[in-house]
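The structure appears below as C-alpha cells.
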Amino acid sequence: MRKKFNSVDPFIREGSVEIDNKTVSTGDKIKIRGIHGTEFKFISHVTNPATGATWIDCIELERGVSCGMRSFRIERVKPIIKRNNVKRRRSRKTP
C-alpha cells in the first residue's frame, strides 16, 4: 500500500515585486549584483511565513536559453530597464 503524499506549498508566492521603485513581474528579465554577464528571468517573489525570510525565484538565461533555476535575496536584484524603440537621428554630412 502506498503512502499518500500531501503536496501543500508552505510558502507564499507572488507574481510581482517592487524593486527600486520599479515593478518586476513574471517573465521580466533581471540582473543580479555580483554575477556579471548573466541575465535571469523573474518567476516569483517567495515568502516563508514561519521565518519571515523572503527571496526571489528565477531562471538563469544563457544566450537566451534557460539553463537552470536559481534563488536570490531581493537586495541583489537589478531590474533591466525596458528601452523604448527610439530611432537615432543620423547626422548628415555636407560635402
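Does the range 7-23 contain any residue that is in contact with an Asp or Glu (Cβ under 6 Å, 6 or more places away or on another chain), under 16 Å from I80 (Cα atoms) and surrounded by 11 or more Cβ atoms within 10 Å (Cβ to Cβ)?
Here is the first cut: in the range 7-23, the residues in contact with an Asp or Glu (Cβ under 6 Å, 6 or more places away or on another chain) are none.
There is no residue in the range 7-23 that is in contact with an Asp or Glu (Cβ under 6 Å, 6 or more places away or on another chain), under 16 Å from I80 (Cα atoms) and surrounded by 11 or more Cβ atoms within 10 Å (Cβ to Cβ).
Note on the range 32-80: residues that are surrounded by fewer than 13 Cβ atoms within 10 Å (Cβ to Cβ), assigned to a loop (DSSP other than H, G, I, E, B) and among the hydrophobic types (A, V, I, L, M, F, W, C) total 2.
For the range 1-60, enumerate the residues that are touching a Cys at 6+ places or on another chain (Cβ under 9 Å) and aliphatic (A, V, I, L, M).
Kept after step one, since they are touching a Cys at 6+ places or on another chain (Cβ under 9 Å), are these residues of the range 1-60: 30, 32, 40-44, 59-60.
Selection gives I30, I32, I43, I59.
Select from the range 4-56 the residues that are among the β-branched types (V, I, T) and farther than 14 Å from R76 by Cα and write down the one among them that is modelled with the lowest pLDDT. Looking at residues that are among the β-branched types (V, I, T) and farther than 14 Å from R76 by Cα, I get V8.
The values are calculated or read from the model by the stated rules, or taken from the named source; none is laboratory data. Because the structure is predicted, anything quoted here is derived from the model rather than measured. Note: ideal-geometry Cβ built from the backbone for every residue, glycine included; neighbour counts use all protein chains shown.
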